[in-house]
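Undergrad: Following this message is one structure expressed as structure tokens.
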Amino acid sequence: MTPTPAISVVIPARNRAGYILESIESVFAQTFKDYEIVIIDDGSTDETKKVLAPLIEDRRIRYAFQEHKGVSAARNHGVRLAHAPYIAFLDSDDLFLPTKLEKQMAVFEQNPDLGFVHCSFSKFDDQGNDLGMRDTTRFQGRLYPHILLEWSVLMAMPCILVKTAVMKEVGGFDESIPWAEDLDLWRRIARHYSIGVVPESLVKVRVHAASASYSRGGGARWFENYMEKAFAEDPGLSPRFKRYALARMHEKLGQNLLGEGGAAEMRQARQHSLKALAAWPFQAGALVTLFSSFLPREVRHGFAAWLRRLRYPKMSSE
């Protein structure tokens with residue numbers, strides 16, 4: 001009988017034949033070896049299964065195919081198939097650094113009552129360019145309801161190591177929302193558990209045109225739905241808190257568009273800024289975005305690039 005692993009690494013995949021082997025190799029390279037890899041193929045139409053065939057035959061991975069239902073359904077399927085008491089999620093184009101699982105398990109060993117443990121991450125593109133580190137160490141301890149105000153640098157799904165029992169307790173991912181499904185999960189866990197963190201960048205998130213997080217403007221209505229769901233599930237939140245949370249959300253959605261595109265994106269940025277100011281009239285960032293949206297495109301792009309360099313230091317040691 002095969003021993004139960006400590007961690008199930010769940011990797012949802014759809015048409016990732018060109019990336020998925022590199023992601024799997026980053027798991028094989030882990031210093032922590034007590035894991036299984038569960039691949040959920042979400043209706044791929046490319047050669048994803050073909051490139052995985054040798055690993056399936058060697059039983060180095062477990063593979064399951066489903067008709068295309070979306071990444072949340074794929075992750076939930078992976079949770080159902082997982083054998084381990086802990087689950088790590090890895091997107092099929094991202095990478096773990098070698099000590100990721102080891103260091104997160106050490107945090108759980110020190111505090112077994114945590115809901116999940118996460119880490120910071122860096123971004124990179126298909127040319128291997130380092131796009132800087134995202135520091136998420138502020139997300140630790142009892143985060144709820146403050147987590148509803150956080151819209152700056154958010155946690156990334158591949159950074160999470162979570163208890164399988166906790167995933168099942170909160171009901172897994174909400175398959176009805178195609179955007180912000182990760183925020184929704186973290187919120188529901190944070191209502192009941194403290195959150196732990198490894199204060200290092202242990203994950204590399206790939207940015208490319210096909211990645212789910214590539215579009216900055218496409219998911220706005222789903223973020224609004226996420227907030228509506230959060231408010232409905234916790235009627236104890238005060239009207240003042242709700243207004244401020246909405247202002248913070250719209251402020252950041254507008255800021256994220258400021259350095260992108262042209263006239264259409266600037267109209268969206270202004271709409272978000274005005275919604276933020278309607279909810280919280282003295283939201284300074286929304287005012288700055290509103291006025292900056294009228295600047296020439298070259299000025300906006302240059303300012304956004306400067307801010308990115310300032311906020312996201314390069315991972316020179318990698």
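Undergrad: State which residue is nearest to Val107 (Cα to Cα) when the search covers only the range 156-180 and only residues that are outside any loop (DSSP other than H, G, I, E, B) and open to solvent by 20 Å² or more (accessible area, probe 1.4 Å).
TA: To start, the set of residues in the range 156-180 that are outside any loop (DSSP other than H, G, I, E, B) comprises 157-159, 161-170.
When the remaining residues are screened for being open to solvent by 20 Å² or more (accessible area, probe 1.4 Å), the result is 163, 165, 168-170.
Numbers: Lys163: 13, Ala165: 17, Lys168: 21, Glu169: 21, Val170: 22 Å.
Ranking the qualifying residues of the range 156-180, first place goes to Lys163.
Undergrad: Tell me, please, whether a residue that is aliphatic (A, V, I, L, M), open to solvent by 30 Å² or more (accessible area, probe 1.4 Å) and in a loop (DSSP other than H, G, I, E, B) can be found in the range 274-287.
TA: no
Undergrad: Moving on. Restricting to the range 107-135, count the residues that are among the hydrophobic types (A, V, I, L, M, F, W, C) and free of Cβ contacts under 8 Å to residues at least 60 places away in the same chain. So that I can check it myself, show each step before the final result.
TA: Narrowing the range 107-135 to residues among the hydrophobic types (A, V, I, L, M, F, W, C): 107-108, 114, 116-117, 119, 121, 124, 131, 133.
Imposing the further condition that a residue be free of Cβ contacts under 8 Å to residues at least 60 places away in the same chain reduces the set to none.
Going through the range 107-135 one residue at a time, the tally reaches 0.
Undergrad: If you take the residues in the range 31-60 that are part of a loop (DSSP other than H, G, I, E, B) and in contact with a Pro (Cβ under 6 Å, 6 or more places away or on another chain), which one is nearest to Val79 (Cα to Cα)?
TA: Initially, the range 31-60 is screened for residues part of a loop (DSSP other than H, G, I, E, B), giving 31-34, 43-47, 58-60.
Retained after the next criterion (residues that are in contact with a Pro (Cβ under 6 Å, 6 or more places away or on another chain)): 31, 34.
Details: Thr31: 23, Asp34: 17 Å.
Once the filter is applied, the top-ranked residue is Asp34.
Undergrad: Can you tell me which residue in the range 111-155 is nearest to Ala180 (Cα to Cα), limited to those that are open to solvent by 20 Å² or more (accessible area, probe 1.4 Å) and among the polar types (S, T, N, Q)?
TA: So, considering only residues that are open to solvent by 20 Å² or more (accessible area, probe 1.4 Å) and among the polar types (S, T, N, Q), the one nearest to Ala180 (Cα to Cα) is Ser152.
Undergrad: Could you check how many residues of the range 1-30 are assigned to a helix (DSSP H, G or I) and buried (at least 19 other Cβ atoms within 10 Å of the Cβ)?
TA: In the first step, residues of the range 1-30 are kept if they are assigned to a helix (DSSP H, G or I); the result is 20-28.
Filter again for buried (at least 19 other Cβ atoms within 10 Å of the Cβ), leaving 20, 23-24, 26-27.
Residues in the range 1-30 being assigned to a helix (DSSP H, G or I) and buried (at least 19 other Cβ atoms within 10 Å of the Cβ): 5 in total.
Undergrad: Just to be sure I understand the filter: pairs with C-beta atoms under 9 Å, separated by 6 or more residues or on different chains, first member in the range 278-297 and within 22 Å of Lys242 (Cβ to Cβ), second member outside any helix (DSSP H, G or I). Which pairs pass?
TA: Taking only residues 6 or more apart or on different chains, the pairs are Ala286/Trp280.
Undergrad: Also, I was wondering about something else. For the range 110-161, how many residues are among the acidic types (Asp, Glu) and farther than 30 Å from Ala279 by Cβ?
TA: Kept after step one, since they are among the acidic types (Asp, Glu), are these residues of the range 110-161: 113, 125-126, 130, 135, 150.
Subsequent filtering for residues that are farther than 30 Å from Ala279 by Cβ retains 113, 125-126, 130.
Counting residues in the range 110-161 that are among the acidic types (Asp, Glu) and farther than 30 Å from Ala279 by Cβ gives 4.
Undergrad: Within the range 183-219, count every residue that is at pLDDT below 95 and either in a strand (DSSP E or B) or open to solvent by less than 60 Å² (accessible area, probe 1.4 Å) (or both). Lay out the reasoning, then the answer.
TA: Taking the range 183-219 first, the residues at pLDDT below 95 are 207-219.
Applying the additional criterion that residues be either in a strand (DSSP E or B) or open to solvent by less than 60 Å² (accessible area, probe 1.4 Å) (or both) yields 207-208, 211, 215, 217-219.
Number of matching residues: 7.
Undergrad: Among the candidates Ala6, Ala17, Ala13, which residue alone is more than 20 Å from Val117 (Cα to Cα), in contact (Cβ under 8 Å) with a residue 60 or more places away in the chain and among the aliphatic types (A, V, I, L, M)?
TA: Matching residue, one of Ala6, Ala17, Ala13: Ala13.
Undergrad: In the list His68, His83, which residue meets the criterion of being touching a Pro at 6+ places or on another chain (Cβ under 7 Å) and open to solvent by 10 Å² or more (accessible area, probe 1.4 Å)?
TA: Details: His68 fails: touching a Pro at 6+ places or on another chain (Cβ under 7 Å).
None of the other options fit; the residue is His83.
The values are calculated or read from the model by the stated rules, or taken from the named source; none is laboratory data. Being a predicted model, the structure only gives us computed values, none of them experimental. A quick note on method: Cβ atoms are made from the backbone with ideal geometry, for glycine too, and the neighbour counts reach across all protein chains shown. Side chains are part of the model used for accessible areas, which takes the heavy atoms of the whole protein and leaves out ligands, DNA and RNA. Shrake-Rupley method; radii C 1.70, N 1.55, O 1.52, S 1.80 Å.
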